Amino acid sequence: MNRDITAGKWRQFKGKVKAQWGKLTDDDIEQIDGHSERLIGKLQERYGMARDEAEKALQRLSK
């Protein structure tokens, strides 16, 4: 996946993110703003995931 999700795709994708990871707040989603690195960091923070685990989870969701 591209490192940064384009604006249009992010609007569509953030619904999936919210459904998959309910611990992420609306503020978290706004801060992420389509940047996969930020999303990975938030997953690590909120869910205690290792970096590679968060990357794999993001890849699965984006397919």
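The values are calculated or read from the model by the stated rules, or taken from the named source; none is laboratory data. Please read these numbers as outputs of a predicted model, since none were measured by experiment. When we count neighbours, we look across all protein chains shown, and the Cβ atoms used for this are built from the backbone with ideal geometry, even at glycine.
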Tally the residues that are exposed (fewer than 14 other Cβ atoms within 10 Å of the Cβ) and either part of a helix (DSSP H, G or I) or within 10 Å of the chain's Cα centre (by Cα) (or both), restricting the search to region 48-59.
-> 4
Only residues that are surrounded by 10 or more Cβ atoms within 10 Å (Cβ to Cβ) and either touching a residue at least 24 places away in the same chain (Cβ under 8 Å) or out of contact with any helix residue (DSSP H, G or I) (no Cβ under 9 Å at 6 or more places or on another chain) (or both): list them for region 26-35, please.
-> GLY34, HIS35
Looking at ARG51, ARG60, which is the one that is of a type in the set (Lys, Arg) and at pLDDT 95 or above?
-> ARG51
Could you count how many residues in region 21-41 are assigned to a helix (DSSP H, G or I) and more than 19 Å from LYS9 (Cα to Cα)?
-> 1
